[in-house]
């Protein structure tokens, strides 16, 4: 399973943001699929203890279900962004219905226009429509924390072995991934710091 998308795939979709250009030794830590009552408060505690900020790509339905958790993310200085209203697979939806779902989530968002397609699955026509308004964020490092056969140590190794300057790291803020991130998140952040990385939420 690939941790990083091959360069030829990235070259086919140049308007998508796979990695950030930066002169500094910065990385972007991101969490998909929240807010999740059993997971989000724990992630926030770890980030606060490590004194870093992250970007949370949130699902509209869950924002409406857990408004207090969403406020907690914002109040602690993190960035929230659009992960669609109902976590839909773009390959299975028409452009019109896909855009409608994204826009419904955006109504619950601040003014930033960041969008990450669920599963990373989005069509060329959907990209063409959305890129006029949004920065479409993919990733440089996919930790595979959602893969149940993966061990926490493998997830940590995926991150540490593949992160470079400008990397966008994706983890998941859901119950399925919690068993893989809980044992290693704090240590992974510490080791990235030891390598000289800082953490940004400026896109």
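The values are calculated or read from the model by the stated rules, or taken from the named source; none is laboratory data. Owing to the predicted nature of the structure, the values given are computational and were not obtained by experimental measurement. Here Cβ is always computed from backbone atoms with ideal geometry, including for glycine, and neighbour counts include all displayed protein chains.
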Just wondering, is there one or more residues in the range 83-91 that are surrounded by 20 or more Cβ atoms within 10 Å (Cβ to Cβ), within 15 Å of residue 174 (Cβ to Cβ) and within 18 Å of the chain's Cα centre (by Cα)? yes
Residues that are within 23 Å of residue 43 (Cα to Cα) and at pLDDT below 95: does the range 68-79 have at least one? no
Evaluate the range 138-155: report whether one residue or more is out of contact with any helix residue (DSSP H, G or I) (no Cβ under 9 Å at 6 or more places or on another chain) and under 19 Å from residue 54 (Cβ atoms). no
Among the residues in the range 130-139, are any crowded, with 22+ Cβ neighbours inside 10 Å, part of a helix (DSSP H, G or I) and more than 14 Å from the chain's Cα centre (by Cα)? yes
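Quick grid of which residues meet (1) in contact with a strand residue (DSSP E or B) (Cβ under 6 Å, 6 or more places away or on another chain); (2) under 18 Å from residue 165 (Cβ atoms); (3) assigned to a helix (DSSP H, G or I); (4) at pLDDT below 95:
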| residue | (1), (2), (3), (4) |
| --- | --- |
| 22 | no, yes, no, no |
| 29 | yes, yes, no, no |
| 32 | yes, no, no, no |
| 45 | no, no, yes, no |
| 48 | no, no, yes, no |
| 52 | yes, yes, no, no |
| 61 | no, no, yes, no |
Considering only the range 6-16, I want to know if a residue exists there that is part of a loop (DSSP other than H, G, I, E, B), in contact with a strand residue (DSSP E or B) (Cβ under 6 Å, 6 or more places away or on another chain) and either modelled with pLDDT of 95 or more or closer than 29 Å to residue 193 by Cβ (or both). yes
Residues of the range 140-155 satisfying the condition of being more than 16 Å from the chain's Cα centre (by Cα) and either closer than 13 Å to residue 188 by Cβ or assigned to a strand (DSSP E or B) (or both): 152, 153, 154
So which of 75, 112, 51 is more than 16 Å from residue 171 (Cβ to Cβ) and buried (at least 16 other Cβ atoms within 10 Å of the Cβ)? 112
Pairs with Cβ under 6 Å, 6+ apart, first in the range 40-61 and in contact (Cβ under 8 Å) with a residue 12 or more places away in the chain, second in a helix (DSSP H, G or I): 40/69; 46/185; 46/186; 50/189; 54/47; 56/73; 60/104; 60/105
Does the range 123-151 hold any residues that are in contact (Cβ under 8 Å) with a residue 60 or more places away in the chain and in contact with a strand residue (DSSP E or B) (Cβ under 8 Å, 6 or more places away or on another chain), and which are they? 127, 135, 136, 137, 138, 139, 140, 141, 142, 143
